[in-house]
Amino acid sequence: MKKEDLVKKGYDKVAPYFKMFRNLFHNEQELKYLVELLPENAQVLDVGCGMGIPVARYLVQQGYSVTGVDISEKMLELAKQNVPEADFHLYDMNDLDFPDTSFNGITAIYSLFHVPKEKHFKIFQNFHRMLRTKGILFFCVGPEGGDDVSVFLDKAEMFWSNYPPEKTLSLIKSAGFEIIFDEILDRGDELQYWVFARKP
Ligand SMILES: C[S@@+](CC[C@H](N)C(=O)[O-])C[C@H]1O[C@@H](n2cnc3c(N)ncnc32)[C@H](O)[C@@H]1O
């Protein structure tokens, strides 16, 4: 089975339980920083938006126009209920085809690591294409390189894939971004490699 199909099936299955697992506000500090970097009335694309909270909802509360995309229909159903002000679409992040320079910001929080790492560079290039000049990319991936398939939330098989942070950093730069911030941070008792980057 294609890894993306395994992930989609997994999230469709865990969707009703995801909220209990998601520590809703452990990303507040980073989200506040994102707001400092974005212009007023920004157009933001939230990639792998999940159930829409906390990220899409927080962004809507800032007065931004938010588009959320996710591969799981069940997660999107929740997002539509949770954040009716945002616009949600079923999309595999490998296939995003929004017009060039559509967004001031793109977020991919706890989502890129579900795509095989060999595809990350193409995704970064596509993010760059869809961002306006000075647009901000904010995402996280795992703190170590490798691929893993294991049981998620005791309910479904799940796939994770990461390059080591140094490699992710070099891919981001090669895709045309300048780095604003990159660090491995502990959020909700979980280490992830967090990156803010800008399209020059
Ligand atoms: C751990 S959840 C995070 C959700 C949300 N970003 C948050 O911070 O709560 C990962 C989400 O990424 C989505 N996802 C995984 N692979 C994807 C892909 N290839 N394209 C779009 N969404 C994907 C999953 O369906 C799931 O909703």
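Scanning the stretch 99-128 for residues that are surrounded by fewer than 17 Cβ atoms within 10 Å (Cβ to Cβ) and more than 11 Å from the ligand (Cβ to nearest atom), which turns out nearest to TRP160 (Cα to Cα)?
Filtering the stretch 99-128 for residues surrounded by fewer than 17 Cβ atoms within 10 Å (Cβ to Cβ) gives 99-102, 116, 118-119, 122, 125.
Add one more test, that the residue is more than 11 Å from the ligand (Cβ to nearest atom), and what stays is 99-102, 118, 122, 125.
Details: PRO99: 29, ASP100: 29, THR101: 29, SER102: 29, GLU118: 12, LYS122: 17, GLN125: 21 Å.
Step by step, filter the stretch 99-128, then rank; the result is GLU118.
If I ask for residues that are of a type in the set (Lys, Arg) and near the ligand (Cβ under 8 Å from one of its atoms), which ones from the stretch 1-49 would you list?
Step one: list which residues in the stretch 1-49 are of a type in the set (Lys, Arg), which gives 2-3, 8-9, 13, 19, 22, 32.
LYS8, ARG22 - these are the residues of the stretch 1-49 that are of a type in the set (Lys, Arg) and near the ligand (Cβ under 8 Å from one of its atoms).
Can you tell which of LEU76, LEU96 is more than 26 Å from PHE21 (Cα to Cα) and either within 12 Å of the ligand (Cβ to nearest atom) or modelled with pLDDT under 95 (or both)? Explain how you work it out, then say what you get.
Values: LEU76 fails: more than 26 Å from PHE21 (Cα to Cα).
Only one candidate qualifies: LEU96.
Could you give every pair whose Cβ atoms fall below 6 Å, whose first residue belongs to the stretch 95-118 and is under 21 Å from VAL7 (Cα atoms), and whose second residue is surrounded by fewer than 20 Cβ atoms within 10 Å (Cβ to Cβ), counting only separations of at least 6 or pairs across chains?
Matching pairs, first to second residue: LEU96/ASN126; PHE113/TRP160; PRO116/LYS3.
May I ask you to verify whether LYS134 is among the charged types (D, E, K, R), closer than 26 Å to LYS32 by Cα and either in a strand (DSSP E or B) or free of Cβ contacts under 8 Å to residues at least 60 places away in the same chain (or both)? Spell out the reasoning first.
On the way: among the charged types (D, E, K, R): yes; closer than 26 Å to LYS32 by Cα: yes; either in a strand (DSSP E or B) or free of Cβ contacts under 8 Å to residues at least 60 places away in the same chain (or both): yes.
When the stated conditions are applied, LYS134 passes them.
Here's a check for you: in the stretch 33-42, which residue that is under 16 Å from ARG132 (Cβ atoms) and either buried (at least 19 other Cβ atoms within 10 Å of the Cβ) or of a type in the set (A, V, I, L, M) (or both) is nearest to the chain's Cα centre (by Cα)?
For the stretch 33-42, the residue satisfying everything is LEU34.
Residue-wise test of (1) of a type in the set (A, V, I, L, M); (2) under 23 Å from GLY135 (Cα atoms).
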| position | (1), (2) |
| --- | --- |
| PHE18 | no, no |
| PHE25 | no, no |
| GLU30 | no, yes |
| VAL69 | yes, yes |
| THR101 | no, yes |
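So, in the stretch 79-93, of the ones that are more than 11 Å from the ligand (Cβ to nearest atom) and charged (D, E, K, R), which residue ends up farthest from GLY145 (Cα to Cα)?
Residue satisfying both the conditions and the ranking: GLU85.
What about THR67, is it under 23 Å from LYS8 (Cα atoms), within 10 Å of the ligand (Cβ to nearest atom) and in contact with an Asp or Glu (Cβ under 6 Å, 6 or more places away or on another chain)?
On the way: under 23 Å from LYS8 (Cα atoms): yes; within 10 Å of the ligand (Cβ to nearest atom): no; in contact with an Asp or Glu (Cβ under 6 Å, 6 or more places away or on another chain): yes.
The answer is no for THR67.
Go through (1) closer than 23 Å to ASP92 by Cβ; (2) in contact (Cβ under 8 Å) with a residue 40 or more places away in the chain; (3) in contact with an Asp or Glu (Cβ under 8 Å, 6 or more places away or on another chain) one by one and return the number of the condition PRO200 breaks.
Status for PRO200: all satisfied but (1).
Select, from VAL55, VAL60, VAL69, the only residue that is modelled with pLDDT of 95 or more and over 14 Å from the mean Cα position of the chain (by Cα). Can you show your working first?
Details: VAL55 fails: over 14 Å from the mean Cα position of the chain (by Cα); VAL69 fails: over 14 Å from the mean Cα position of the chain (by Cα).
When all the criteria are applied, what remains is VAL60.
The values are calculated or read from the model by the stated rules, or taken from the named source; none is laboratory data. All values derive from a computational prediction rather than experimental measurement. Here the Cβ is made from the backbone with ideal geometry for all residues, glycine too, and neighbour counts use every protein chain on show.
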